[in-house]
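Q: For reference, the structure I am asking about is given below.
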């Protein structure tokens, strides 16, 4: 059985938490987030700490127990600080640039790839090959990073593509010529 759900979540002084029935709303200097909680889980705020507990002892309740605690913890961290995800473009001629509210990627296709930046997300491009995604919603940042990476996933033969920062691609040997 997991032990994550048992840990209380410390709420910083600059973050406000409201719990109404099954909706947890967290607001702070970076933004405001809310999440609906399952009926199998109960959440309460005591002594500036959030406690998560199970209402039933079933398999699904056990699965949701640690997940709910982690999601609420990510909300508290996100509104007090910000999350960041970095992508690197590897390949000759691969470039990224921002024009208005769009991210334009040149990835070796016959046309540039256009991605609209959602609200609450900031994107910076460094040296035309580094994409830094920041925001207060960890789920939205991860989804946007995965969408961008999906436009040109890294390939194992030449190592070209869009990689997460620090990611290492296992290289394969190509065909041997006779």
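Q: Look at residue 45 and say whether it is touching a helix residue (DSSP H, G or I) at 6+ places or on another chain (Cβ under 9 Å) and either surrounded by fewer than 19 Cβ atoms within 10 Å (Cβ to Cβ) or not assigned by TED's automatic domain parsing to the domain that holds residue 104 (or both).
A: For residue 45, the condition - touching a helix residue (DSSP H, G or I) at 6+ places or on another chain (Cβ under 9 Å) and either surrounded by fewer than 19 Cβ atoms within 10 Å (Cβ to Cβ) or not assigned by TED's automatic domain parsing to the domain that holds residue 104 (or both) - is not met.
Listed here are the residues, each with its yes/no results for (1) loosely packed, with under 14 Cβ neighbours inside 10 Å; (2) under 30 Å from residue 49 (Cβ atoms); (3) touching a strand residue (DSSP E or B) at 6+ places or on another chain (Cβ under 6 Å); (4) at pLDDT below 90.
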{"site": "66", "(1), (2), (3), (4)": "no, yes, no, yes"}
{"site": "93", "(1), (2), (3), (4)": "yes, no, no, yes"}
{"site": "97", "(1), (2), (3), (4)": "yes, no, yes, no"}
{"site": "108", "(1), (2), (3), (4)": "yes, no, no, yes"}
{"site": "126", "(1), (2), (3), (4)": "yes, no, no, no"}
{"site": "129", "(1), (2), (3), (4)": "no, no, yes, yes"}
{"site": "141", "(1), (2), (3), (4)": "no, yes, yes, no"}
{"site": "147", "(1), (2), (3), (4)": "yes, no, no, no"}
{"site": "170", "(1), (2), (3), (4)": "yes, no, no, yes"}
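Q: Are any residues in the stretch 111-159 without any contact (Cβ under 8 Å) to a residue 40 or more places away in the chain and part of a strand (DSSP E or B), and if so, which ones?
A: Correct list: 113, 114, 115, 116, 121, 122, 123, 124, 125, 126.
Q: Confirm whether residue 5 is within 23 Å of residue 120 (Cβ to Cβ) and under 21 Å from the mean Cα position of the chain (by Cα).
A: So residue 5 fails the test.
Q: Next up: I need a count of the residues in the stretch 25-55 that are outside any strand (DSSP E or B) and in contact with a strand residue (DSSP E or B) (Cβ under 9 Å, 6 or more places away or on another chain).
A: 7
Q: Taking residue 162, is it under 13 Å from residue 94 (Cα atoms), in contact (Cβ under 8 Å) with a residue 24 or more places away in the chain, surrounded by 14 or more Cβ atoms within 10 Å (Cβ to Cβ) and touching a strand residue (DSSP E or B) at 6+ places or on another chain (Cβ under 6 Å)?
A: yes
Q: Which one is farthest from residue 121 (Cα to Cα), of the residues in the stretch 77-87 that are in a helix (DSSP H, G or I) and within 14 Å of the chain's Cα centre (by Cα)?
A: 77
Q: Pick out the one residue from 31, 93, 66 that is in the same structural domain as residue 151 (by TED's automatic domain parsing) and either within 20 Å of residue 142 (Cα to Cα) or over 22 Å from the mean Cα position of the chain (by Cα) (or both).
A: Only one candidate qualifies: 93.
The values are calculated or read from the model by the stated rules, or taken from the named source; none is laboratory data. Source: prediction; values computed, not measured. Positions of Cβ are backbone-derived with ideal geometry, glycine not excepted, and every protein chain shown enters the neighbour counts.
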